[in-house]
Every structure is written in structure tokens, then in C-alpha cells.
Amino acid sequence: MSTLAIRGGRAVYSGTWPAWPIHDEREVERVVRVVRSGQWSWCGPEETEFRVAFRNFLGAKHGLCVTNGTHALQLALEALDVGCGDEVIVPGLTWQATAACALDINAVPVLVDIEPETLCIDPQAVRAAITPRTKAIIPVHLYGCVANLDEILAIAREHNLHVIEDCSHQHGSEWRGKKVGSIGAIGCFSLQASKVLNSGEGGFISTSNDRLFERLDSLRNCGRHAWQAAGGGDAFPQSGNFRFTEMQAALLNAQLSRLPEQTALRDENSQRLNRLLAGIPGVTPLLRREQVTRQACYAYCFRIDRQAFAGLTRERVCKALHAELNFPFTGVYEPLNRCALYRPQTKRRHRLSDAYWAQIDPKRFDLPECARAFDEVVTLGQTALLAAPPAMERIAEAVAKVQRHAHELTAWEANAAAGA
Ligand SMILES: Cc1ncc(COP(=O)(O)O)c(C=O)c1O
């Protein structure tokens, strides 16, 4: 009989894990109050409270609630006057929205490779991708690592480029003591259901620049502008409705009250896992740079050397771990040059010209580190990091067990294939 749980052996842990989202009477009371108030949208008291509380949490001068993280990125580019024909540099490993936001404003998303140690955008690759048409860089603070902001900001200064931080995975990470989202020109956050701060759907934009704030406020609200109505300020561009509801804000005010404590626990547990996994053959935790003074985690990632796992695929390792721990393990995003959900050339409105059509073809980009990460990086979702610290020992025990007994699975698979 096999030792591994996936082949019928005894699992390391078969109990339960924290559920998500976490909620209690705080959410219920606030949502009920909104329903009874009759003010369900349009910058009511819940939205104002959240806007101020979250921007203060981030240490940014301004904050705005918007429909979702995808729109936050699109509006950020528009506020910075990035548009037709401009190039926007984005990492090849991210959720497709980081690149698609550039398509939505007729700009060209330029996909670049990642640092293998952090899975975040590689500053050297950014430097190599700059052309006279480059207008902005969107570093993504991905899963459980912060992008190398020192280098990215230096490159941006040198070439006069805008930096928009995509913080959809990191509500509360700090770089040199400053919260991400308050460091580049604009910070963009998704508040979608799986995120560590969420209202089911939603987005947030932070900035400390007064002029950008005015433009963003107008862009999210059909081009309306309070200052203009009062007879001052410039005319702002045409826009649409990217507003938010009071119900979303009510949920977020309650969720935000738990965020600092949850972030501290995830950070402690991720550092604990880094120490525990570092001793297992063929396992490499990702790099936590010394500039990172607080790490928020949307997921915890580690790299495997497949040779040390008897040649098993990353997918098989994930399945074997799932069986050991009763918790799903997955890989990272599909690289954007082959991602099933990033196919710019399937949309007729992107056919602005033959030249543009060719520029937005994701296959023209070479992303070897993104491809390697897809094959070698194992991720586990943030809720595992909300378990009590001894659970991290069970996780490490399971990884060590799968590594030690990986040959049983390859032998079984070889026999099954031979018998088939
Ligand atoms: C890195 C990243 N950027 C942007 C987004 C888009 O956010 P939303 O789904 O709220 O539109 C997501 C959502 O998953 C994301 O993970």
C-alpha cells in the first residue's frame, strides 16, 4: 500500500481550514442600516467612511471607490492621459486585467518577464522594453511578494514614465515602511470576493496627487466634476459610470476592521512557512526582500525542483498535497502570451489598424521565466495562512512527505501507463 494519501495512504491532516469570507454581525448590522436608509449609492455615509479609512490606512492623500479592479486600472491610465498608440509595460505573469486595461484605452500592453525569486516584474526586462512610445509601467505586487519598487521607480524617473501599482493581491504590504498603493503615482486595488479585503466585487484607487484625484473622481462619475460645476477647474474627458454602492462600502467598513490583524497573522505564518520549507530538498520559498516591512499575502508560493520530486509535474504535486492536507493547491496564472483568458485578437473593436493588431498579439513576447514559474511554482490560497501556527508545520510535513515519496507516484503512474 502506498504511503501517499492520493494513493490511499494516511493523510497528514484531514480536518478543516478557515472559511472565506470571514464575517459576523458587524457586516449584517451595517448592510441592514443601509437598506433601511434608502440611500443605496452616490457617496453615502458608508462610502465616505470607507474611502477615508482605507486611504488613511494606505497613507495616501486621496482614495476613490470604483466598480472593480479592472476599471481602477483603466481609469488610472486615462487619468494619466495614456491613450491611443502609447505603450504600457506590464508583467507577463498576472491576472489578464493588468494588460487588458491598456487595450481598453487603445494603448499597447507590452508584456515583460518576471524575476524568478519573487515572480514580480523584472526591472531589467522593463528597462529593455522601453521605447519612445512607453508611457507607463504597471508593477503587480503578486501573490506574496512586493515588486522591486526601488528599481522600478528609478527607471521611471530616468525615462519620465508613470508608475501605477497594481495592488490587487496586497492590501496592506509595506515597502520601506510605506504601504503599497501609496508609492507610485496611483495605486489600484481589486475588492473582488477572493481578495483579502473584499465586498464581493469592487475596486479602489489611491493617489496623493490632487490633480490626478480630480480627474479620477470625474472619470469614475460620467465626467461630472464638482469644481467645474462651481465655476472653476478644467473640463474633464467624457466618461462612464464606474461608481460603487453603499452595500459594498458597508461590507468593506466591517472587513477593514479585521484586516490589520489578519495581515499580521498571514505575514507571520508565511515567514514560518519560509523557514520550514527551506529545509526540504527540492523546495525553494520565494524571496522576501529586506525592504519589505510588512507582507500581505493573497497566496503563499514556493518553487519545486521537479527532479527532486521524481519528475512529477507541478500539477501532480499539487494534487498529492491536496490529498495530504484537505486544502487545494494550484499553480500560478498562465503566462499572458498563452493565457486562455487574454486573447486581444478575438475582439473586433481592437482592430484599429493592421499595425495595432500586430502590436497587441501576445505571442510576440518571449516570457521564459513566466513559463518556468507555471511549471514549477506551487501556490496555496491566503485562507490557509489564517490557520493557527501549528497548521504551518502540517503543511511543511505534507510537502516533505510528498517529496520523500514522490517516486511511489511516478512508479504507479508508469505501471498504470504500461498496463493501459
Ligand atoms: C493582479 C490583479 N489585477 C487586477 C485584477 C482585476 O480586479 P477585478 O476582478 O476586481 O476587476 C485582479 C483580479 O483578480 C488581479 O488579481
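Just so you know, all these numbers are worked out from the coordinates, no wet-lab data involved. Not measured: the values here are computed from a predicted model. Every residue, glycine as well, gets a Cβ built from its backbone with ideal geometry; the counts of neighbours run over all protein chains shown.
At 25 °C and a viscosity of 0.890 mPa s, what translational diffusion coefficient does Stokes-Einstein give for the chain, taking Rh as the Kirkwood radius over Cα pairs? Give it in µm²/s as a whole number.
Approximately 108 µm²/s, per Stokes-Einstein.
For a quick check: with amide H placed at 1.01 Å from N, whose amide H comes under 5 Å from Phe329's, ignoring anything fewer than 5 positions away on the same chain?
HN-HN under 5 Å from Phe329: His322.
Using Cα centres only, tell me the gap between region 4-57 and region 321-396 in whole Å.
25 Å
Go ahead and estimate [θ] at 222 nm for the chain from helices alone: -39,500 (n - 2.57) per DSSP H run with n ≥ 4, summed, over the residue count, rounded to 500.
Helix-only estimate at 222 nm: -12000 deg cm²/dmol.
Can you put Asp375, Asp113 in order, fewest other beta carbons within 10 Å first? Working shown, then result.
Numbers: Asp375 14, Asp113 25.
By the 10 Å Cβ count, ascending, the order reads Asp375, Asp113.
Search the structure for amide H atoms under 5 Å from the amide H of Val108, placed 1.01 Å from N in the peptide plane, and list their residues when 5 or more places away or on another chain.
For Val108, whose amide H was placed from the backbone, the distant partners under 5 Å are Gly85, Asp86, Glu87, Val88.
Equivalent-ellipsoid semi-axes (√(5λ), Cα gyration tensor) for region 25-255, whole Å, largest first?
29, 21, 14
Where does the charge balance sit around Gly240 when Lys and Arg score +1, Asp and Glu -1, over other residues with C-beta under 13 Å from its C-beta?
Summing Lys/Arg as +1 and Asp/Glu as -1 gives +1.
Just add up the charged neighbours of Ala193: K/R +1, D/E -1, any other residue whose Cβ is under 14 Å from the Cβ of Ala193.
My count for the surroundings of Ala193 gives -1.
Averaging sequence separations of C-alpha pairs under 8 Å and six or more residues apart, then dividing by the length of the chain, give the relative contact order as a whole percent.
Result for the chain is 21 percent.
What is the angle, in °, between the Cα long axis of helix 314-325 and the longest principal axis of the Cα atoms in the chain? Nearest 10 is fine, range 0 to 90.
With rounding to tens, the tilt is 80 degrees.
Any chance you could give the angle, 0 to 90 degrees and rounded to 10, that helix 149-159 forms with the longest Cα principal axis of the chain?
Between helix and principal axis, roughly 40 degrees.
What whole-number distance in Å separates the alpha-carbon centres of region 241-302 and region 148-197?
15 Å
Within 10 Å of each residue's Cβ, count the other Cβ atoms and sort Trp42, Trp175, Trp412 from fewest upward.
Working: Trp42 11, Trp175 24, Trp412 14.
In order of increasing Cβ crowding within 10 Å: Trp42, Trp412, Trp175.
Where a ≥ b ≥ c are the square roots of the eigenvalues of the C-alpha gyration tensor, would you call region 66-141 rounded, which needs a/c under 1.5, or, failing that, prolate if a/b is larger than b/c, or oblate?
oblate
Over region 48-189, what is the mean sequence separation of C-alpha contacts under 8 Å (at least six apart), divided by residue count, expressed as relative contact order in percent?
Once normalised by length, the contact order is 22 percent.
Which of Trp95, Trp20, Trp40 has the fewest other C-beta atoms within 10 Å, and how do the rest follow up to the most?
Fewest-to-most Cβ neighbours within 10 Å comes out as Trp40, Trp20, Trp95.
In Å, what is the Rg of the alpha-carbon atoms in region 298-420, and how long is Dmax?
19.1, 58
Among the trypsin sites (Lys or Arg not before Pro) in region 109-187, which ones are in a DSSP loop with at most 15 other Cβ atoms within 10 Å of the Cβ? Mind listing them?
Taking region 109-187 and a limit of 15 other Cβ atoms within 10 Å, the loop trypsin sites (Lys or Arg not before Pro) found are Arg133, Arg176.
Under 23 Å Cα to Cα from Lys135, which lysines show up? Leave out anything in the same chain fewer than 8 places away.
List returned: Lys363.
Helix 25-37 versus the longest principal axis of the chain: what is the Cα-based angle in degrees, 0 to 90, to the nearest 10?
The answer is roughly 30 degrees.
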